[in-house]
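The values are calculated or read from the model by the stated rules, or taken from the named source; none is laboratory data. Given the structure is predicted, the values throughout are model-derived calculations rather than measurements. Neighbour counts run over all protein chains shown; Cβ positions are idealised from the backbone, glycine included.
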Amino acid sequence: MRAYETLKSRGEKFQVIFVSADRSEEAFQRHVAGMPWLTVPYDDPRNQAVKKHFGVDGIPMLVLVDEKGNIITMNGRQAVAEDEKCKDFPWYPQPIEELTALSSLHLNENMCVIYFTDGTEPGLKQGRAVLSDAANKEAEKGEERDLFFFVAGEDEISDNVRDFADLDDTCPLLIVLDSPEQNVYICNEVKVTSKIATEFIDKFLRGELTPVPITPLCADGNQASAII
């Protein structure tokens, strides 16, 4: 709501459309009562059509599209939540993002390059420098990009990723995480430079790296299929 009001006050040209996943008309009416934006009626067949089109399998979800209907990002929640003053509107994906809990959509549904650091500002800055060349090259593909790039610190989300992929506490550490195929690719170089990172990623894209299968277990002993 805050981002919506900020953008409206700036005179930005945009619109928000609420697509319901409510199980009843009553629940739908409770949700839309305080919404200042457009809503698709509860029993309108376009609700299901939109969710199918964007592959929505969890809520809440915010998909950002441009004026031509092209997808800007499927992870609008992260973009908006991490930019309270809306400085980066309309939130086109950056070549390198910092790993947060809101990154789970990318982590679970895409192939992601992650550079684990000690979490300090110098460490994160160094991680961005290492990934910069490869990330900028990948970003030039636009919607056709194969990889998303992240720098990670020492926090809960980083621990979750390490646990999911059964990684040790090595730091720094460069990996390609392919959650959809349940594989991880690990760079074994002790000191990772920009050149080493680019070569590692190029080899991955050419199919020249050997994957390590991911077999993470939940607390109940069953295999986990998602990071968060």
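Out of the residues in the stretch 187-203 meeting the condition of being of a type outside the set (S, T, N, Q), in contact with a helix residue (DSSP H, G or I) (Cβ under 8 Å, 6 or more places away or on another chain) and not in a helix (DSSP H, G or I), tell me which one is surrounded by the most Cβ atoms within 10 Å (Cβ to Cβ). Looking at the filtered set, the residue picked out is Cys187.
Do we have any residue at all in the stretch 204-214 that's farther than 24 Å from Pro95 by Cβ, at pLDDT 95 or above and outside any strand (DSSP E or B)? Yes, there is a match, as at least one residue in the stretch 204-214 is farther than 24 Å from Pro95 by Cβ, at pLDDT 95 or above and outside any strand (DSSP E or B).
Against the conditions (1) surrounded by 12 or more Cβ atoms within 10 Å (Cβ to Cβ); (2) at pLDDT 90 or above; (3) part of a helix (DSSP H, G or I), Leu62 satisfies every one except (3). Here the stretch 74-100 is the region considered, the condition is being under 23 Å from Ile59 (Cβ atoms), surrounded by fewer than 20 Cβ atoms within 10 Å (Cβ to Cβ) and among the charged types (D, E, K, R), and the residue that is nearest to the chain's Cα centre (by Cα) is Arg77. Residues in the stretch 101-150 that are under 12 Å from the mean Cα position of the chain (by Cα) and among the β-branched types (Val, Ile, Thr) were compared, and the one that is nearest to Ile201 (Cα to Cα) is Val113. Taken over the stretch 25-59, residues that are more than 30 Å from Asn108 (Cα to Cα) and of a type in the set (Gly, Ala, Ser) amount to 2.
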